[in-house]
Amino acid sequence: MTHPPPIFVAGTGRSGTSQLADILGQHPHIHRIPIETRFIVDPGGFRDLADALTLRYDPYVGDDALRRLGELLTERLPGRLDVDRGHTVPGAIGERHYWDAVGRLWHELVAHTFDELVPTPGARHAGWPAGPFERQTRRRAVPRHFRDRGELLRLLRGAVDTMFGGAAADASKPAWCEKTPFNLLCMDFLWELVPEATIVHIKRHPVAVVASHVDQPWAPSTVEGALAWLTPIYDRWLAWKVTAGLGARRYVEVSAEDLAADWPARRKALFESVGVEDYETPSAFRTRELDHRDGQFDPATRAMVERALATAIPGMGYA
C-alpha cells in the first residue's frame with residue numbers, strides 16, 4: 001500500500017477541499033500540487049479541447065480550442081500569482097516540467113501552420129500601405145483531428161504525467177494529489193484522462209457552504225446570489241450521481257463534519273481508501289473550525305436558505 005494511484009480532490013468550494021488536499025499531501029507517499037492548476041477542467045482547458053478535436057471537430061472549432069488553451073497555458077496561468085499560496089501554476093509544478101509539457105503538446109496537437117494576411121487599418125478607406133510597425137500577417141494553426149479519442153487522451157495524459165508526476169518525483173513521493181473544486185462536475189472526464197485515479201469528494205452541510213460563499217471576494221456577496229451560484233451545482237451533481245455508477249469506481253465521499261467528529265479513526269479510513277497506510281498528519285479537521293458558521297444567519301434567513309436547498313440538503317446526506 002505504498003504506491004497509491006493519482007488523486008483528485010473535489011467539492012462545491014468552501015467545503016474543505018483545500019484542507020483535505022493539504023492533509024493528503026502531508027502523507028509521505030502523496031505530493032499535493034500546491035495550487036489549483038485549472039487547465040484540466042476549466043473553460044478552455046483539456047476537457048474542452050478533447051471534445052473540440054474529436055466529436056465537435058471542424059477547423060474553426062479546433063482553432064478556437066487551441067487558442068483558448070494556448071492563452072490559458074502561456075498567459076493566464078504563468079501570469080497569475082495565487083495570493084494564498086504564493087505560486088503561479090508553473091512555479092508550483094516546477095518551471096521545467098510545466099514548459100516541457102506545454103512545448104511538446106503543441107507539436108502533438110497541430111497538423112499545419114500558415115500565415116494569414118491581415119489587412120492594414122487604412123486599407124478599407126484609402127488603400128494606404130502598411131506602416132513599418134503594423135502587423136501584416138498572423139500565424140494560424142490547423143489542429144489535428146483525432147479519429148481515435150483515446151490517442152488524444154494519451155497525449156493529454158502525457159502532459160499531466162510530465163507536470164504532476166515530475167513535481168511528485170521532485171518531492172520524492174510516488175503519487176500526486178490535485179485539487180480543483182469543480183472536479184466535482186467533471187468526474188467522467190477525469191477518469192477518462194486518468195482511469196486509475198481516486199476521486200475524493202468532500203462535502204459540508206449546504207447551509208454552511210452558502211454562508212462561507214457569502215464571505216468570499218470571488219463569490220456573490222448576498223445570500224440570494226450565493227444560492228443562485230450554488231443551487232445549480234447541487235442540482236447537476238445530484239442528478240449525475242444517480243446514474244454514474246460510482247460504486248464501481250475509485251470514488252471516496254467524506255464529510256467535513258464526520259472527519260472533525262472522530263479525526264483519528266476517520267483519518268485512518270481516509271488514507272486506506274486512497275491506498276496508503278495511516279499517518280499522523282500535522283493538520284487535522286476540528287469541530288471548532290466548522291461550527292463557526294452555525295450562527296451566521298438569523299432564523300428567518302436560515303429558514304429561507306433551507307427552503308431553497310430543500311433538495312440539496314437531504315441529497316447531500318444531511319437531515
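The values are calculated or read from the model by the stated rules, or taken from the named source; none is laboratory data. Note that the structure is a prediction, hence the values are computed from the model and not measured. Cβ coordinates were reconstructed from backbone atoms using ideal geometry, including for glycine residues, and neighbour counts include every protein chain displayed. Side chains included, ligands, DNA and RNA excluded: accessible areas come from the protein's heavy atoms. Shrake-Rupley method; radii C 1.70, N 1.55, O 1.52, S 1.80 Å.
Net charge within 9 Å of PRO5 by Cβ-Cβ distance, Lys/Arg positive one each and Asp/Glu negative one each, not counting PRO5 itself?
Neighbour charge sum, excluding PRO5 itself: 0.
Report the net charge of residues surrounding ASP22, where surrounding means a beta-carbon distance below 11 angstrom and charges are Lys +1, Arg +1, Asp -1, Glu -1.
Local net charge: +3.
Give me the orientation-averaged projected area of the Cα convex hull of segment 183-319, in nm², one decimal.
If you wrap the Cα atoms of segment 183-319 in a convex hull and average its projections, you get 9.5 nm².
Antiparallel as a % of all DSSP beta bridges within the chain, to the nearest 5?
Just about 35 percent of them are antiparallel.
Give me the number: length gained by fully extending ARG154 to GLU272, i.e. 0.36 nm times residue separation minus the C-alpha to C-alpha distance, one decimal in nm.
39.6 nm
Lys and Arg at +1, Asp and Glu at -1: add these up for the other residues within a Cβ distance under 14 Å of THR74 and post the number.
+3
Rounded to the nearest 20 debye, what is the charge dipole size of the chain about its Cα centre when +1 sits on each Lys and Arg Cβ and -1 on each Asp and Glu Cβ?
In total the dipole reaches around 460 debye.
Could you tell me, in Å, what Rg and Dmax come out for the Cα atoms of segment 184-238?
Just the Cα atoms of segment 184-238 yield Rg and Dmax of 13.8, 40 Å.
Dipole of segment 1-128, Cα-centred, from +1 at each Lys and Arg C-beta and -1 at each Asp and Glu C-beta, to the nearest 20 debye?
Dipole size: approximately 300 debye.
Among the lysines, which have Cα under 22 Å from the Cα of LYS241 when same-chain residues fewer than 8 positions away are ignored?
LYS179, LYS203
Using only C-alpha positions, report the orientation-averaged shadow area of the convex hull of the chain, nm², one decimal.
Dividing the Cα hull surface by four gives the mean projection, 20.5 nm².
Before I look further, what does the chain give for accessible area per residue, probe 1.4 Å, in whole square angstrom?
Accessible surface, normalised per residue, equals 49 Å².
Any chance you could run the full-extension gain for LEU117 through ARG307? It's 0.36 nm times the residue separation minus the Cα-Cα distance, nm to one decimal.
62.6 nm
If one puts a single equal scatterer on every Cα of segment 128-213 and applies the Debye formula without solvent, what log₁₀ I(q)/I(0) results at q = 0.19 Å⁻¹?
-1.00
So what are segment 20-72's ellipsoid semi-axes, whole angstrom, largest first, if each one is the square root of 5 times an eigenvalue of the alpha-carbon gyration tensor?
Working from the Cα gyration tensor, I get semi-axes of 32, 10, 7 Å.
Only Lys, Arg, Asp and Glu count, each charged at its Cβ (+1, +1, -1, -1), so figure out the dipole size of segment 210-263 about its Cα centre, rounded to 20 debye.
380 debye
Kindly give the semi-axes, whole Å and largest first, of the ellipsoid equivalent to segment 262-319, taking each as the square root of 5 times a Cα gyration tensor eigenvalue.
Working through the eigenvalues yields semi-axes of 32, 16, 7 Å.
Would you mind telling me which residue in ASP291, ASP258, ASP115 has the biggest mean-square fluctuation in a Gaussian network model of the chain, where springs connect alpha carbons within a distance under 10 angstrom?
ASP115
Once both labels are modelled 7 Å past Cα along the beta-carbon direction, what's the TRP229-VAL61 spacing in nm?
A separation of 3.2 nm, rounded to one decimal place.
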